[in-house]
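Nothing in this text is a laboratory measurement; each read-out follows from the coordinates by a stated rule. Because the structure is a prediction, the values reported are computed rather than measured. Every residue, glycine among them, receives a Cβ derived from its backbone with ideal geometry; neighbour counts consider all protein chains shown.
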Amino acid sequence: MTVKSARIFLVLSAGLALGGCVTPPPTPRIDRSKPTPKVETGPFWWGLASSAFQNEDRAEKPGSTGYFQTDWDLFAEAGRVPPKGDTAVFSWSNFDRDLEAIKKIGVNHYRFGVEWARIEPEPGRYNEAALRRYVEMARKLKAAGIEPIVTLWHFTFPSWMVAKGRNSRWLHPLYRERWPLYVDKVVKAMSPHVKIYAPQNEPNGDLALGYISATWPPGYLLSFGTHAAALEESVWGFRKAAEIVRSHRKDALVLSIAAMPYWEHGIFDPTGAYYNLMQRINYTHLDRTFDVVDLIGFNYYYTEYPDFTALLAIKLRRGRNYSLLGWIIQPRSLYKQIKNVQKRYDKPVIVTENGIATSKDVKRVRYLFNHILEVKEAIQDGADVRGYFVWTLVDNYEWHQGYKAPFGMAKFDRDSRKRLLRPSALFYRGIIDSSKATSILDDVSTAPELPPGFVER
């Protein structure tokens, strides 16, 4: 966010706090007199999550038939976000190295994304070789005993869906024509190996950052009318994708993935208007799509206070209780959010992302251990939690933060292209291994023994 944008956002925040013009999101209507359909998911899902854009090298030269760009590439070229570059961490060219690291960590599920722009570099022209490669990734995961979960959209659109004015991305004239065809093509090819699909990753976060705070593409500030229109299109696209997924595989599972920071009431928000706005951002998209999903997935990283002072304080936060990005570390809030989501939607829950940006791996171990304890307690208190996923496999491009936010279970050695597992990865494996011999999470009350020579690096 630019200084000018931040000032305007602060003025808006102060106005909301004093004006009280925002009401809480209405609770969705659910007929609780009917029994909730049973969803079979097998053993507890221990997982890792990643995305195509953040990890993949382009592996195509300008002018080649497979060359593509995304809206994020164009946004970076305009100087709005740091450039990703054409190499990232080479997960396209070196997926087998990703797979080797995944197997060493011992998870039973792995979520990865398909890049729409790579599959359809121009409207109506498909890269069949790229699609076959994605299918092969899923096949290799299955062969290794790891269940693949495919994300059909993870923040990025093909560059040909960028247009002047407001008709970009969700609002592009070609969106309703091309999105169902892309989804149908991918799911049809993937269906022999893939049962679980996430139509969209954090659409609520994308919409807020792109149409309200001007941080992400398309870079609009306080454009609430455009936000509302894009929300409608996103909801339509999610529901259409869920319909297509089920048309190809009767036993398919559709998974939501919403951004769910936990909001505390703030003293500078006396009317609760800012808090209510943040709750609307958390829930409105999911309120309109939960009925077509089998599992409610959400991403939790941090707790925040909904008042304008947080925007000033976040870059100044340092120490044990904050991540490298200034996010407040509050494990108990994960327990609270699990309970909130379970109560609101009455469906099985998956923690689809949880992790920390830190250069101190001891801090990462502490973060993971304390948050997994909260998952355990939520289950003991009756929550129907089916899985927990760490973000992410390897340090990568973290959107508007560039390469400055190390979330990975592994470091990336650019010279050798090796994924160098951190001690926290072996710690996570210890948690997973200990859960196999007992009932889910029973032995997570004490930490597994750390690897010999465990030191901070």
(request) Any of 38/185; 195/315; 164/411; 188/363 with alpha carbons more than 32 Å apart? Name them for me. (result) 195/315; 164/411; 188/363
(request) Quick one: plug the Kirkwood hydrodynamic radius of segment 194-269 (C-alpha pairs) into Stokes-Einstein at 4 °C, 1.567 mPa s, and report D in µm²/s. (result) 92 µm²/s
(request) Place a +1 charge on the Cβ of each Lys and Arg in the chain and a -1 charge on the Cβ of each Asp and Glu, then give the dipole magnitude about the Cα centre in debye, rounded to the nearest 20. (result) 220 debye
(message) Above 19 Å lies some portion of the pair distances; for segment 337-433, what is it as a whole percent of all C-alpha pairs?
(response) 48 percent
(request) Please find the FRET efficiency linking residue 315 to residue 434, where r is the Cβ-Cβ separation and R0 is fixed at 35 Å, and quote it to the nearest 0.05. (result) 0.35
(message) For the chain, compute Rg over Rh where Rg is the Cα radius of gyration and Rh is the Kirkwood radius from the inverse mean 1/r over Cα pairs.
(response) 0.93
(request) For segment 306-343 and segment 58-119, write down the distance between their C-alpha centroids in whole Å. (result) 29 Å
(message) Explain nothing, just the number: dipole magnitude of segment 42-121 about its Cα centre with +1 on each Lys and Arg Cβ and -1 on each Asp and Glu Cβ, in debye rounded to the nearest 20.
(response) 280 debye
(message) On a straight-distance basis, which aspartates and glutamates could pair with residue 250 in a cross-link, Cα separation under 14 angstrom, same-chain partners fewer than 8 positions away excluded?
(response) 40, 294
(request) Set Lys and Arg Cβ to +1 and Asp and Glu Cβ to -1, take the dipole of segment 302-429 about its Cα centre, and tell me which of 383, 354, 409 lies farthest positive. (result) 409
(message) I need two numbers for segment 111-157: Rg to one decimal and Dmax as a whole number, Cα atoms only, in Å.
(response) 11.6, 36
(request) Can you tell me how much longer the chain between residue 67 and residue 33 gets when fully stretched, taken as 0.36 nm per residue apart minus their C-alpha distance, in nm with one decimal? (result) 6.9 nm
(message) I need the fraction of alpha carbon pairs in segment 365-412 separated by more than 12 Å, rounded to a whole percent.
(response) 69 percent
(request) Could you work out how far apart the two model spin labels at residue 362 and residue 174 are, taking each label as a point 7 Å from the Cα in the direction of the beta carbon, and quote it in nm? (result) 5.3 nm
(message) Full-extension gain between residue 142 and residue 181, please, as 0.36 nm times their residue separation minus the C-alpha to C-alpha distance.
(response) 11.5 nm
(message) Test of understanding: what is the full-extension gain from residue 100 to residue 251, defined as 0.36 nm times their sequence separation minus their Cα-Cα distance?
(response) 51.5 nm
(message) Please compute the volume of the convex hull spanned by the alpha-carbon atoms of segment 79-135 and report it per residue in Å³.
(response) 129 Å³
(request) Of the options 200, 424, 149, report the single residue whose Cα projects farthest towards the positive end of the charge dipole of the chain (beta-carbon charges: Lys, Arg +1; Asp, Glu -1). (result) 424
(request) Quick one: dipole size for segment 187-340, taken about the Cα centre, charges +1 on Lys/Arg Cβ and -1 on Asp/Glu Cβ, in debye to the nearest 20. (result) 500 debye
(message) Just to check I understand the Karplus step: with θ = phi - 60° and J = 6.51 cos²θ - 1.76 cosθ + 1.60, what whole-Hz values come out for segment 113-125, glycine and proline as x?
(response) x, 9, 7, 4, 4, 5, 6, 10, x, 9, x, x, 10
(request) For segment 124-263, would you read off the P(r) tail past 24 Å as a percentage of all alpha carbon pairs? (result) 35 percent
(request) Provide, for q = 0.10 Å⁻¹, the log10 of I(q)/I(0) from a solvent-free Debye sum over equal Cα point scatterers in segment 73-180. (result) -0.37
(message) Relative to 2.2 N^0.38 Å, what does the C-alpha radius of gyration of segment 246-368 come to as a ratio? Two decimals please.
(response) 1.19
(request) List every residue whose amide H lies under 5 Å from the amide H of residue 355, counting only residues 5 or more places away in sequence or on a different chain, with H placed 1.01 Å from N in the peptide plane. (result) 391
